[in-house]
Amino acid sequence: VDDLVASGDLDEATGRIFRFGATPIRFHRHQAQSIAKVRMGQSFVVTTGTGSGKSLCFFVPVVDAIVRALKAGGPRCTRAIIVYPMNALANSQIKEIEKFISQSGLPDNIRPVVKRYTGQEDREERQRIADNPPDILLTNFMMAELLLTRQDEQDTRVIGNASGLEFIVLDELHTYRGRQGADVAMLMRRLKARIGDPQHPAICVGTSATMASEGGT
């Protein structure tokens with residue numbers, strides 16, 4: 001991470017986040033390639049085995065985009081929505097990314113804020129998220145659908161805070177068929193149509209430990 005900071009590919013604040021104490025993270029090839037893809041404004045899918053650090057493929061470039069925007073005086077808004085197939089995965093991921101952010105020592109004005117909105121939260125927490133938009137919102141397919149279709153005032157504000165969305169991430173992507181495939185495809189289209197910026201389309205990222213290239217195993 002220090003090399004990418006030195007080259008300008010990552011911001012100095014990002015380098016302070018992604019380290020273990022005083023030890024900077026050393027990226028694997030697929031992680032470094034993912035960072036480069038986002039720097040070029042390209043969408044991508046990462047297919048590697050379980051436990052290979054796929055989450056850093058999107059968290060690092062997403063966090064980097066956020067700290068750069070905040071340093072430039074940009075407003076606090078939801079720039080990335082990460083969609084999980086299961087709440088347990090979202091619960092695990094928010095703990096991991098918050099560990100990195102909390103140990104960074106960054107001032108509040110440029111420290112990325114991550115919140116979960118999966119249906120597990122009480123009304124007071126949902127209200128806090130609506131009133132104070134996080135930079136990164138973790139959710140699931142069903143709640144993302146409800147955010148777009150339910151007429152609840154809180155939900156409307158939460159999704160409105162993501163106007164101009166910069167990143168859509170599907171963690172643990174699968175090859176969806178039939179009705180489920182249609183549901184997921186339409187959800188992504190509705191997200192782009194509702195809160196995307198046609199002039200600056202969101203970068204889409206998928207990760208999977210189960211998908212393989214044609215002819216692969």
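The values are calculated or read from the model by the stated rules, or taken from the named source; none is laboratory data. Just so it is clear, the structure is predicted and the values come from calculations on it, not from any experiment. All Cβ positions, glycine included, derive from the backbone under ideal geometry; neighbour counts span all protein chains shown. Note: areas computed on protein heavy atoms with side chains; ligands, DNA, RNA excluded. Shrake-Rupley method; radii C 1.70, N 1.55, O 1.52, S 1.80 Å.
Sum up the charges of everything whose Cβ sits under 10 Å from the Cβ of residue 125, counting Lys and Arg as +1 and Asp and Glu as -1, but leave residue 125 out.
So the surrounding residues net to +2.
Not counting ligands, DNA or RNA, and with a 1.4 Å probe, what is residue 141's accessible surface area in Å² rounded to the nearest 10?
The accessible area of residue 141 comes to roughly 40 Å².
Contact order normalised by length for the range 1-54, with contacts defined as Cα pairs under 8 Å and 6 or more residues apart; what percent is it?
Value for the range 1-54: 26 percent.
By how many nm would the segment from residue 52 to residue 121 lengthen if fully extended, with 0.36 nm per residue of separation less the alpha-carbon distance? Let's see the in-between values first.
Details: separation 69, 0.36 × 69 = 24.84 nm, distance 2.98 nm.
The span from residue 52 to residue 121 would gain 21.9 nm if fully extended.
What part of the accessible area of the chain, given as a whole %, is carbon or sulfur when the probe is 1.4 angstrom? Walk me through the intermediate numbers first.
Values: 5570 of 11010 Å².
For the chain, the apolar C and S fraction of the accessible surface comes to 51 percent.
Based on the mean of other beta carbon atoms within 10 Å per residue, what is the order of 116-122, 155-161, 104-110, 176-182, most packed first?
My ranking of the peptides, most packed first, is 155-161, 116-122, 104-110, 176-182.
What's the extension gain from residue 28 to residue 210 if we count 0.36 nm per residue and subtract their Cα-Cα distance?
63.6 nm
Under 16 Å from a point placed 7 Å out from the Cα of residue 149 along the Cα-to-Cβ direction: which residues of the range 187-205 have their backbone N that close?
Zone members listed by number: 187-194.
Cα-based count: Lys pairs in the chain below 18 Å, eight or more positions apart or different chains?
Value for the chain: 5.
Students often get this wrong: which residues of the range 1-24 have the backbone nitrogen under 20 Å from the point 7 angstrom along Cα-to-C-beta of residue 92?
Within reach of a label on residue 92: no residues.
Compute the whole-percent fraction of alpha carbon pairs in the chain spaced more than 22 Å apart.
49 percent
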